[in-house]
Structure formats: C-alpha cells, structure tokens
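Readers should treat all values here as calculations from the given coordinates under stated rules, not as data from a laboratory. Owing to the predicted nature of the structure, the values given are computational and were not obtained by experimental measurement. Cβ: placed from backbone, ideal geometry, glycine included. Neighbour counts: every protein chain shown.
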Amino acid sequence: MVLAVYLSFTTWNGLGNPKPVGLANWQKLLHDSRLTQSLTVTVLLTVTSWAFQTVVSLLLGVWAAGRQRNRAVLSAIFFVPFLLSSTAIALLFYALLDPNFGVIHQDTLGSTSGAFLAIVFVGGWQFIPFHTLIYQGGARQIPEVLYQAAAIDGAGRYRQFFSITLPQLRNTATTSSVLMIVGSLTYFETVLILTQGGPGTDTAILPYLMYEAGFKSYDFGYASAIATFLVVIATALSLVLVRLTGFGAMRSTREGM
C-alpha cells in the first residue's frame with residue numbers, strides 16, 4: 001500500500017526508475033471523464049450486490065442455524081462455490097452464458113443490463129456461502145428462551161423473525177456488510193473475464209480502470225493513484241457504516257438477560 005501511494009506521485013512504465021511528477025496523476029484522475037462513469041458503475045454494483053447477497057445469505061444463514069433434516073449436508077453443498085477461485089467461476093459462467101454454445105441462447109453479456117446483472121449474480125453465487133456462514137453463526141448465538149417467550153405470547157414464525165432474529169443479528173449484519181462492500185469495490189476477475197468492461201464501457205468499474213491504466217497503457221503511476229483512491233473510498237465507507245450502526249461501541253445484543 002505504501003508503495004502504491006508513492007507510485008501515485010510518480011510516472012513509471014514498469015521499466016527503469018519511477019520519476020516524481022508531484023500531483024500530476026491526481027489532477028489527471030480528477031479530470032478523467034471515465035472516472036465519473038466508473039465510479040457510478042462501481043457504486044451501483046456495490047449497492048446491488050450488497051442488497052442481493054444480504055437478503056439471500058441472511059435467509060439461508062437463519063435456515064442453516066436450525067435443526068432441519070439434512071441441514072448439515074445441504075449447508076456443506078451450499079458452501080462449495082466459495083472454495084473455488086474467482087477466475088474459475090468467471091470462466092465457468094462465461095461458457096454458460098455464451099450465446100452460441102451456452103445454456104441461454106441469447107447475448108446476455110452483450111446488453112448493459114444483462115452484463116451488469118450477470119456480474120452481480122456471479123459474485124453473489126461465489127460469496128453468498130461465506131456470508132451465510134457468518135449469519136448462521138450469529139443466529140446460533142440467539143438465546144432460545146427469546147423464541148420460547150415469544151411463542152407463549154402468541155408470536156408466530158414471521159413475527160419472531162422480524163422482532164427477534166433481525167434485531168439480534170444487527171452486529172452480524174454490520175460485519176457482513178462491511179466485508180460485502182469492500183469486496184464489491186475490488187471486483188476484477190469477474191469483470192475482466194465476463195465483460196472486459198463492456199458493452200462499451202458500461203461495466204468498467206474502478207478496478208478495471210486501474211487495470212487498463214497499468215497493464216494496457218503501462219501508466220503505473222496513474223494506476224497507483226486509482227488504487228489509492230479505491231483504498232480511501234473503501235476505508236471511508238467502512239468507517240461510516242460502523243459509525244452509523246453503532247457497531248464501534250460493541251454493545252451486546254444480549255444485554256440485560
């Protein structure tokens with residue numbers, strides 16, 4: 001990280017020694033017309049991925065924390081995608097989405113909405129198992145006595161879920177959300193293999209812009225400025241999320257029991 005910050009104030013093509021250029025790379029970043037579009041796409045991808053992964057992993061995690069028949073076997077199967085590499089998964093779905101030889105005989109990756117949703121789905125398919133495990137652990141920590149008391153008061157399954165399970169998983173949701181947001185900001189292999197930033201530049205997120213600057217234009221100084229900018233955004237979002245949710249205070253959800 002320190003090296004990337006240093007390189008962001010230099011010009012370097014990968015050969016020889018970096019030459020200091022002051023704030024030239026940062027000025028270029030602020031005036032780059034592609035930055036606004038990439039930042040917009042990155043934010044949309046982050047928000048959509050967070051919403052998709054949170055809903056699915058929360059429901060699966062609460063279910064996996066129960067005592068259903070074959071729960072352990074199914075939970076193990078659900079976890080398999082997380083064990084695969086992002087590159088292998090992207091290659092798999094690239095083949096599945098091929099308009100000529102894939103399972104869907106239409107150019108899904110050729111449209112803006114199709115390419116965007118494909119990235120969201122593929123990322124979710126890989127990382128939902130991990131967040132499911134987080135929610136499963138959190139759900140298992142909820143005292144059974146709360147559900148027993150709620151059942152005596154006449155609360156049904158849905159009322160128990162919204163009045164007990166969700167509030168008790170607040171800190172768990174914060175932890176999961178921080179990991180999701182930071183992870184979504186660093187999507188790269190999926191975009192590179194599935195869309196290469198296309199169609200056009202409609203899925204060119206910031207990490208892909210960084211890749212183009214560094215490994216296509218050989219402007220590693222400018223690429224390092226983008227990388228540093230990404231770190232600042234991810235750190236700021238994480239701190240804001242922790243601050244707004246009160247997670248930093250580490251208040252126990254079991255206080256008073």
Between residues in segment 71-83 that are surrounded by fewer than 16 Cβ atoms within 10 Å (Cβ to Cβ) and residues that are not in a helix (DSSP H, G or I), which pairs lie under 9 Å by C-beta distance while being six or more apart or on different chains?
-> ARG71/ALA65; LEU74/GLN68
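Specify the residue that is surrounded by the fewest Cβ atoms within 10 Å (Cβ to Cβ); the eligible residues are those in segment 14-27 that are touching a Gly at 6+ places or on another chain (Cβ under 9 Å) and closer than 15 Å to ALA223 by Cβ. Talk me through it step by step, then tell me what you get.
Applying the first criterion (touching a Gly at 6+ places or on another chain (Cβ under 9 Å)) to segment 14-27 yields 14, 18-19, 21, 24-25.
Narrowing further to those that are closer than 15 Å to ALA223 by Cβ: 14, 18, 21, 24-25.
Numbers: GLY14: 10, PRO18: 17, VAL21: 17, ALA24: 16, ASN25: 24.
Restricting to residues being touching a Gly at 6+ places or on another chain (Cβ under 9 Å) and closer than 15 Å to ALA223 by Cβ, the top hit is GLY14.
Within segment 150-162, can one find any residue that is over 17 Å from GLY61 (Cα atoms), among the acidic types (Asp, Glu) and out of contact with any Lys or Arg (no Cβ under 6 Å at 6 or more places or on another chain)?
Of the residues in segment 150-162, the ones over 17 Å from GLY61 (Cα atoms) are 150-156, 159.
Checking which are among the acidic types (Asp, Glu) leaves us with 153.
Okay, now just the ones that are also out of contact with any Lys or Arg (no Cβ under 6 Å at 6 or more places or on another chain), so 153.
Checked segment 150-162: at least one residue is over 17 Å from GLY61 (Cα atoms), among the acidic types (Asp, Glu) and out of contact with any Lys or Arg (no Cβ under 6 Å at 6 or more places or on another chain).
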Note: among LEU206, LEU169, LEU194, just one is under 30 Å from GLY16 (Cα atoms) and aliphatic (A, V, I, L, M), namely LEU206
Within segment 187-198, is there a residue that is more than 30 Å from VAL5 (Cα to Cα) and buried (at least 22 other Cβ atoms within 10 Å of the Cβ)?
-> no
Can you run down the residue pairs with Cβ atoms below 8 Å, 6 or more apart or on separate chains, where the first is in segment 103-130 and in contact (Cβ under 8 Å) with a residue 12 or more places away in the chain and in a helix (DSSP H, G or I) and the partner is of a type in the set (D, E, K, R) and surrounded by fewer than 22 Cβ atoms within 10 Å (Cβ to Cβ)?
-> THR112/ASP202; ALA115/ASP202; PHE116/ASP202
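For the subset of segment 199-236 comprising residues that are among the small types (Gly, Ala, Ser) and closer than 15 Å to TRP26 by Cβ, which member is surrounded by the fewest Cβ atoms within 10 Å (Cβ to Cβ)? Full working, then the answer.
From segment 199-236, those among the small types (Gly, Ala, Ser) are 200, 204, 213-214, 217, 221, 223-225, 227, 234, 236; that's our starting set.
Checking the rest, the ones that are also closer than 15 Å to TRP26 by Cβ come to 213, 221, 223-225, 227.
Values: ALA213: 24, GLY221: 23, ALA223: 24, SER224: 24, ALA225: 28, ALA227: 21.
Selected residue: ALA227.
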Which of (1) of a type in the set (S, T, N, Q); (2) within 24 Å of GLU212 (Cβ to Cβ); (3) in a loop (DSSP other than H, G, I, E, B) is the odd one out, the single condition ASN100 does not satisfy?
-> (2)
